[in-house]
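Novice: Encoded as structure tokens, here's the structure I'll be asking about.
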Amino acid sequence: MKSLLYLSYENVASVGLLMSEIIDTVEDAFLQKGLGKVEVPPKPGIHTQPDAFIHAMPAYIPELRAAGMKWVAGYPENYKRGLPYISGLLIMNDPETGFPLCVMDCTWITAKRTGTATAVAAKYLARKDSKSLGILGCGVQGRSNLEALKVVFPEIDLVKAYDIAPENLARYIAEMQAQFDIKVMGVDSPQEAVVDSDIIVTAGPILKNPNPVIEVEWLKPGCFACPLDFDSYFKPEAFLTADKLYTDDLAQQQYYKQAGYFQQTPEPKGDLGEVVAGRKPARQSDSERIISINLGLALEDVAVGIKIYQRATEKGIGKKLPL
């Protein structure tokens, strides 16, 4: 009888995949994309509440023998119910037969792979001597992005953190200072978080009708910015005047534009996979202002997911269910 492996959140977290391993895995996935060796269509979605989404995210990476789909939801009002913003499942399939191999909770992977995608982008597009980080949004992504960036940029010694909820900010400062033994400074405005930061990450809710606040004048020469919340924080002029503007996937960015996002955002000059593969230029001077709009790709999930599945199988983690 055919069976599949079920992995809960605790199971996924317990396999012991290190952040450095996830970064290498995600970087390799982007390399395969840049070489034109992956299948990753733009993610379709349904929207049952304002600014909420449930997305289907399929991908296939032949080099890793990784095929699967993430079914993920993001609900910005969930905090009022005591629920997390992100929830969902990742299904891994056998690329030879199509049969499902594994169903796992996707929230641990979503958090980690998003942070690692930022770190991979920063590896190629940020200044090598970057030491200060501005974090806008002190939730799950504020944490995973700091964790991943500290692997690639161990010299980061200052984090300027902003969040609209003072209790979230206070908790973030205490946890991150304890975890990384660096100075985490809470600030009262987005401007204070952005000005003079070498790397900027915005991780707020994704809004179709945003009220962006980040001005181009706030971005110092040589900075790198990674908006994870589409165009919710950055004004159009900030995107327009970037020396280099990339995204993680051009087709997906265009898909979202047709769906009502990025209405005043200029077209990116290429995608992150092309940068990793050397087909588009990385940073070329210390004075360039560079932005990478990371939308989140299923190839990241299935690349990490197949490693989670393999390691869980080796360690006997999870529960087998009959098909």
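Novice: Using just the C-alpha positions of the chain as equal point scatterers, what log10 of I(q)/I(0) does the Debye formula give at each q in 0.09, 0.15 1/Å?
Specialist: Reported log10 I(q)/I(0), two decimals: -0.43, -1.27.
Novice: Radius of gyration and Dmax for region 127-296's Cα atoms, expressed in Å?
Specialist: Every Cα atom of region 127-296 included, Rg and Dmax give 15.3, 44 Å.
Novice: Which residue, Ser130, Thr110, Ser87, has the largest displacement toward the positive end of the dipole of region 1-141 when charges sit on each Cβ (Lys, Arg +1; Asp, Glu -1)?
Specialist: Comparing the listed Cα positions along the dipole, Ser130 ranks first.
Novice: Could you rank the peptides 99-109, 80-90, 5-15 by their average count of other C-beta atoms within 10 Å per residue, with the highest value first?
Specialist: By packing density, highest mean first, the sequence is 99-109, 5-15, 80-90.
Novice: If you put +1 on each Lys and Arg Cβ and -1 on each Asp and Glu Cβ, how big is the dipole of region 1-121 around its Cα centre, in Debye rounded to 20?
Specialist: Using Cβ point charges on Lys, Arg, Asp and Glu, region 1-121 gives about 280 debye.
Novice: Continuing with this model, one more query. Tabulate in residue order the Karplus-calculated ³J(HN,Hα) for region 260-268, using 6.51 cos²θ - 1.76 cosθ + 1.60 with θ = phi - 60°, rounded to whole Hz; enter x for Gly and Pro.
Specialist: x, 8, 6, 5, 10, 8, x, 5, x
Novice: If the chain between Lys80 and Arg171 were fully stretched, how many nm would it gain, using 0.36 nm times the residue separation less the Cα-Cα distance?
Specialist: Full extension of this stretch gives 31.0 nm more.
Novice: Which of the helices in the chain, when you take each full DSSP H run, stretch at least 30 Å along the axis at their Cα atoms and have an average Kyte-Doolittle score of -0.5 or higher? Please list the in-between numbers first.
Specialist: On the way: long enough: none.
For the chain, where a helix must reach 30 Å along its axis and average at least -0.5, there are no hits.
Novice: Shifting gears a bit: Using θ = phi - 60° and the Karplus form 6.51 cos²θ - 1.76 cosθ + 1.60, what ³J(HN,Hα) does each residue of region 242-248 get, whole Hz, x for Gly and Pro?
Specialist: 5, 5, 9, 10, 10, 9, 7
Novice: Taking Cα pairs under 8 Å and at least six residues apart, what relative contact order does the chain come out at, in percent?
Specialist: Working: 709 pairs, mean separation 76.1, N = 323.
Value for the chain: 24 percent.
Novice: Which one, Gly318, Gly273, Leu297, projects farthest toward the positive side of the charge dipole computed for region 214-323 from Cβ point charges (K/R +1, D/E -1)?
Specialist: Gly318
Novice: Gaussian network model of the chain, Cα springs within a sub-10 Å range: biggest mean-square fluctuation belongs to which of Tyr261, Tyr79, Tyr172?
Specialist: Judging by the Gaussian network model, the answer is Tyr79.
Novice: About the Cα centre of the chain, what is the dipole size in debye to 20, counting +1 per Lys and Arg Cβ and -1 per Asp and Glu Cβ, all else neutral?
Specialist: In debye, rounded to 20, the chain gives about 700.
Novice: Which whole-Hz couplings ³J(HN,Hα) result when phi for each residue of region 221-231 is put into the Karplus expression 6.51 cos²θ - 1.76 cosθ + 1.60, θ = phi - 60°, listed in order with x for Gly and Pro?
Specialist: x, x, 7, 10, 10, 10, x, 8, 10, 6, 10
Novice: How big is the charge dipole of region 127-296 about its Cα centre, in debye rounded to the nearest 20, if each Lys and Arg gets +1 on its Cβ and each Asp and Glu gets -1 on its Cβ? All intermediate terms of the calculation are to be shown ahead of the outcome.
Specialist: Values: 18 positive and 25 negative charges, 65 e Å.
The dipole of region 127-296 has a size of about 320 debye.
Novice: Can you list the residues, at least 5 places off or on another chain, whose amide H is less than 5 Å from the amide H of Ala225, using H built in the peptide plane?
Specialist: Placed amide hydrogens put Ile200, Ile290, Ile291, Ser292 under 5 Å from Ala225.
Novice: Under the rule of -39500 (n - 2.57) per DSSP H run of 4 or more residues, summed and divided by the residues of the chain, what mean residue ellipticity at 222 nm is obtained, to the nearest 500 deg cm²/dmol?
Specialist: It lands at -10500 deg cm²/dmol.
Novice: Report, by chain and number, residues whose modeled amide H sits under 5 Å from the one on Leu101, excluding near sequence neighbours (fewer than 5 apart, same chain).
Specialist: Here the answer is Met92, Asn93, Asp94, since their amide H atoms fall under 5 Å of that of Leu101.
Novice: May I pose another question? Once you've got the Cα coordinates, tell me which of Lys33/Lys112; Lys208/Lys319; Lys37/Lys112; Lys2/Lys315 are over 29 Å apart. Write down the numbers at each step before the final one.
Specialist: Working: Lys33/Lys112 19 Å; Lys208/Lys319 39 Å; Lys37/Lys112 23 Å; Lys2/Lys315 20 Å.
Too far apart for the 29 Å limit: Lys208/Lys319.
Novice: While we're here: Excluding residues fewer than 8 places away in the same chain, name every one of the aspartates and glutamates whose C-alpha is closer than 18 Å to that of Lys307.
Specialist: The reachable aspartates and glutamates, counting only those whose Cα sits under 18 Å from Lys307, are Glu10, Glu21, Asp24, Glu27, Asp28, Glu63, Asp94, Glu96, Asp105.
Bear in mind these aren't lab numbers, they're just calculated from the coordinates by the rules spelled out. Just so it is clear, the model here is predicted, and its values are computed rather than measured. Note that we place each Cβ from the backbone using ideal geometry, even for glycine, and neighbour counts take in every protein chain shown.
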